[in-house]
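Participant: The structure's right below; bear with me while I get my questions together.
Derivation of every value follows stated rules applied to the coordinates shown; laboratory data play no part. The shown structure was predicted, so the numbers you read here are calculated from the model rather than taken from an experiment. Here the Cβ positions follow ideal geometry from the backbone for every residue, glycine too, while neighbour counts run over all protein chains shown.
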Amino acid sequence: MKKFNLKTMTASLLLAASSMSFAADIDMNADANDLAIKGYDPVAYFTMGKPVNGDINYTATYKGAIYRFSSESNRDMFRADPAKFAPQYGGYCAYGVTRDKKFDTDPTAWRIIDNKLYLNLNKSVQKAWLENTQAFINQSDESWLVIKDKTVDEL
């Protein structure tokens, strides 16, 4: 039986993990499996007015990220116009972008403003963001142009 050196195995795994590349574009917030918005259906925010978990049987990709949908019709609407339904700033926290940061989001901390979906880090951050939403959106729109092509580690 071959013995394994724990330090060597750990170093090998870290090296392998650091060399992995994921399909999602750099300007998309997706997990290690390229799943966007934690599997929530982006169309449901618009059609049902609430966050709804997607089903693994209904998926579509956009900018290398995988989106899940609660129904075939929602998937088809997304495929017809993904930019209409995908969250702004690649699904990163709308408030975080005002600070030139790419923060993950809580899919239950959301708002649709001017037919665009915005997500926030959590409901506490969202509360602050809602105090001056239009000013924050204007600031985020400008900041996004600068940070969208940078990795989280570069910010």
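Participant: Output the antiparallel fraction of DSSP beta bridges having both residues in segment 23-86, as a percent to the nearest 5.
Facilitator: 90
Participant: On the principal axes of its Cα set, how long, how wide and how thick is segment 23-66? Give whole Å, largest value first.
Facilitator: Result, largest extent first: 29, 21, 14 Å.
Participant: Quick one: if you stick a label point 7 Å off each Cα along the C-beta vector at residue 101 and residue 26, how many nm between them?
Facilitator: The modelled label-to-label distance comes out at 2.1 nm.
Participant: Quick check on the chain: what are the equivalent-ellipsoid semi-axes from the Cα gyration tensor, as sqrt(5λ), descending, whole Å?
Facilitator: 30, 21, 13
Participant: Also: At 0.36 nm per residue, and after removing the present C-alpha to C-alpha distance, how many nm does the segment from residue 133 to residue 57 gain when stretched out fully?
Facilitator: Gain in length upon complete extension: 23.8 nm.
Participant: Measure up 63/101; 63/127; 38/127; 38/84; 84/148 against 24 Å on the Cα-Cα distance and list the ones that go over.
Facilitator: Violating the 24 Å Cα-Cα cut-off are 63/127.
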